[in-house]
Every structure is written in C-alpha cells, then in structure tokens.
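What follows draws every value from the coordinates through simple rules; no lab data is involved. Every value quoted in this text rests on a predicted model; they were computed, and no experiment measured them. Cβ placement follows ideal geometry from the backbone for every residue including glycine, while neighbour counts extend to all protein chains displayed.
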Amino acid sequence: MSNTFELFSILANIILSLIVDLSIFTKISMVKFTSSQKILVTAFYIFCFIASVLIPSNVVVNISITIVEILFFTLLGLRNTKDKFLILGAALLLGIFDSITIILSNLILFLFPILDSSNLDFFTNIAIIIISYLLLLKIIPKIITNLTSTNKKVFIGVLSYIYISSTVLNAYVLSDTKPTEVIIVSLALLFLQSIFILIMYISLVEIQKKLLSHTQQKELLQEKQELEEYSSYLDQNEDDLRRFKHDYQNILNSLKIDAQEGNVKGVIDKLSEYTNSHFNEEALRKYKDLNHIHIKELKSIVFSKLTQMYNLGILYSFGCESEIYEIPQNIDLLDLVRVIGITFDNAIEAETDYFNSNFLQKQDLRIEAMYYQDHDDFEFMIRNRIPNSDITLSQLTEKGYTTKKQHPGLGLANVKQFSQKYDNVIIDYHIKDTWFIFNLTILPIDEVTD
C-alpha cells in the first residue's frame with residue numbers, strides 16, 4: 001500500500017508539474033499551438049513522463065529535464081511568433097517556477113519534519129505547486145509588460161540570473177544529505193541576490209521613465225511652440241482676409257471707373273500695386289497643404305522644417321494634394337520621420353553651405369518637397385539646388401561625409417539602413433542639372449508579399 005501510494009504521488013507530481021509548466025508558457029508567450037504542434041507537445045510530455053518514471057530521480061535528471069523543456073518550448077514558440085523575448089521569458093519563468101517550487105517543498109519539509117514522516121509530503125508538494133501557480137497568475141500581466149517594454153533585454157537578463165541561481169541552489173538542496181546549513185545559507189543568499197537585482201532593475205526602469213518624461217516634456221514644448229506659430233500664421237492670414245474684404249468694395253469701384261474709361265493699364269497697375277503692398281506671397285505659402293496631412297508625426301516634422309527654412313530665408317515649396325490618413329502598417333513612424341528629418345536637414349545644410357561658400361546666391365537657394373498618396377502607398381520627394389561641383393552620389397551616401405566643415409555628417413548612410421530594414425521601401429536619389437533629387441516610396445505590404 002505504501003509503495004502504491006508513493007508511486008501514485010510521484011506520478012501525480014510529475015503530471016501536475018508538466019501541466020502547470022505548459023500553462024505558464026502559453027499564458028506568458030500567448031502562443032496558440034496548431035494541431036500538429038499540440039501532437040508534438042503531447043509526444044514530448046509523454047517522453048518527459050516516461051523518463052521521469054523510469055530513470056532514477058536525481059539532481060542531474062531533474063535539472064536536465066527542465067533544461068530540455070525550456071529549449072523545446074523556446075524553439076517551438078519561435079515558430080509561431082517572432083517576439084523572441086516573450087518566448088524566451090516565458091521559457092525561463094517555466095524553469096524558475098520548477099526550481100522555486102522544489103526549493104520551497106524541501107524547505108517546508110525541513111522546517112516541519114512531521115509532514116515528511118507522516119507521508120504528507122505529497123499533499124505539501126501539490127499545495128505548493130498550486131498556490132505558487134495562482135500567485136504567478138496575478139503577476140503575469142506585469143511580466144508580459146516587462147517582456148514587451150524597451151527594457152525587455154534587461155528583464156531577460158534578470159530572469160536568466162534568477163533561473164541560474166535557483167537551479168544551482170536546487171542542485172545543492174537535492175544533492176546534500178544534510179541540507180540544514182545548505183538550505184538556510186543558500187536560500188538567504190538567493191533571496192538577497194534576487195532582491196538586489198530586482199531593485200536594480202526597478203531603479204533602471206524608473207530612471208528611464210524620468211528620462212522619457214523629460215523627453216516627452218521637450219516634445220510637448222516643441223509642439224506647443226509649433227502650434228503657437230501656426231496659430232499666429234492663421235491669425236495673420238485672417239487679418240489680411242478681413243482687410244481685403246474691407247477694401248474690396250473701394251478697389252472694385254476704382255477698377256470699374258478705369259475699366260469704363262478703357263484704361264486697362266491702369267487696372268493692371270492698381271491690382272499689381274495692391275497685391276505687392278498687402279500680400280506676402282511667401283508668407284501665404286508658408287504652411288501650404290499641411291491641412292491635408294492627418295498623421296501628427298508626418299505633419300509635425302514638415303511643419304518644423306518649413307518654419308526653419310522660412311526663418312533662414314530659403315525659398316521653398318511644399319505640396320500635399322492628397323489626404324493622408326495612414327501609411328503601410330509595417331512601417332515604424334519614428335523610423336520614417338527620422339529619415340524625412342535627415343533629408344530635410346541635408347537639403348537645408350547644403351543650401352546654407354553653398355551660400356556661405358559663394359557657390360549660390362541668396363535668390364538661388366531653393367528646396368522643394370512633397371507628400372503624395374495613391375491608394376495605400378506613400379511617397380515623399382525632396383530636392384534642393386546644388387552648384388556644378390564635383391560632389392558624387394557615392395560621397396553623399398558615404399557614412400561620415402558632409403559638405404560642411406567641422407560637422408560629423410551622416411550623408412544618406414542612415415537612409416540606406418532604413419531601406420534595408422523594410423522590404424516594401426523603395427529609395428531613389430540622383431543629380432539632375434543643378435538639382436539633387438530624393439524619392440522615397442512605401443508600397444502596401446501585400447503588394448510586396450504577392
């Protein structure tokens with residue numbers, strides 16, 4: 001009877017442990033196995049079960065089975081998702097859970113020997129596994145958040161450290177015939193080390209949050225300044241419109257008299273004089289077509305660069321005739337905005353540098369840019385004037401090259417990295433006459449896959 005109960009307790013512990021491990025992995029990794037993968041998992045667990053029953057239980061066997069289980073789920077999980085950090089984190093937590101529950105079971109049986117002597121160790125192990133699992137379920141959302149945050153690499157490092165430490169401690173606990181001092185000292189050491197590394201991780205996250213908050217405040221301040229500038233621009237145009245409406249009747253009456261007298265030249269001269277004195281053509285085109293851009297990031301980068309060019313006195317034009325609400329979903333907006341900013345900066349730097357070097361006159365400085373969208377694609381074009389010089393395309397794309405002295409320019413090297421990152425991005429640039437022309441096209445992802 002005793003042998004039968006002992007065998008039953010071993011089998012029950014193994015089965016419960018395997019089921020809990022599978023549950024932990026799937027809940028954290030959020031992987032949904034296919035039918036064929038479910039069969040593979042079942043076959044793997046049958047193998048683990050047979051190995052645990054037939055092979056004499058010892059430290060090497062217990063740790064080896066857990067390591068194989070971690071590797072199995074990691075490789076299988078990566079076939080379902082590309083989020084390797086989420087998969088690896090889930091597999092590591094599976095191993096940590098196994099080690100911690102074994103350590104806790106041995107600790108409780110050591111502190112309360114009556115449980116071991118009265119054959120209650122089976123119920124103790126089951127209770128520890130179930131309670132630990134229920135507690136883990138409560139913090140799984142936080143674990144997933146950390147495995148998908150910007151600190152995921154650091155968090156994986158923390159989990160790896162805890163897993164290795166708990167596995168080493170587990171090996172000592174299971175192999176020592178007199179675990180009294182081992183358990184007390186090792187548990188204290190593991191607890192202190194784990195607390196220390198978790199505090200370090202939390203501190204790092206808090207520092208990053210403060211830095212992010214500071215960066216966000218700067219961005220909000222910049223957006224506020226841009227909105228104030230845009231509001232001022234709209235107010236000025238509204239005032240001009242009111243003045244024009246007020247003067248309209250008087251101007252019309254004056255033009256009627258000249259027209260009735262056949263004085264066509266007088267009509268033209270008066271219209272020209274009024275236009276030159278009341279309308280600043282460049283100011284009226286300062287933020288032309290920005291109202292068609294409905295993506296905040298794409299609108300903001302153009303707004304800031306148009307403001308910069310206007311203040312520098314560089315002639316420019318920007319066009320966006322189509323309404324832009326979205327871009328292909330696989331593109332990271334921050335990557336795209338960074339590339340657009342680089343190309344604008346390159347054009348602005350080139351114009352000012354050529355002017356300072358007396359290659360171009362003030363009236364020859366000019367930058368033209370546009371956004372365009374047809375169906376689900378997105379296109380950005382920018383071109384700037386360049387003198388007849390010896391600059392080549394290979395120089396412009398060379399990392400570290402710049403036309404400005406004492407300036408660590410990146411040329412178009414970062415832009416090339418962007419095009420290599422996405423399969424549906426087409427970038428073309430060339431020199432034609434006295435213009436450097438840059439084109440960026442983003443195709444819908446389904447067109448590329450097809």
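Data overview
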read-out	value
Relative counts (whole %) of C-alpha pair distances in region 2-175, using bins that are 5 Å wide	1, 8, 16, 20, 21, 15, 10, 5, 2, 1, 0
For Asn439, net neighbour charge (Lys/Arg +1, Asp/Glu -1) across residues whose Cβ lies under 13 Å away	-2
Neighbourhood charge, 12 Å Cβ-Cβ cut-off, centred on Asn146 and excluding it, Lys, Arg +1 and Asp, Glu -1	+3
Near-label residues of region 62-78 by backbone N, under 11 Å of a point 7 Å along Cα→Cβ of Ala171	63-64
Computed over region 19-91, Kirkwood Rh from alpha-carbon pairs, angstrom	12.8
Glu321, Glu297 arranged by Cβ crowding within 10 Å, fewest neighbours leading	Glu321, Glu297
Burial ranking of peptide ranges 94-104, 350-360, 127-137 (average Cβ count within 10 Å, highest at the top)	94-104, 350-360, 127-137
Unit charges on C-beta of K, R, D, E only; dipole of region 2-175, Debye	920
Residue-count net charge about Ser99 - beta-carbon cut-off 13 Å; Lys, Arg +1, Asp, Glu -1	-3
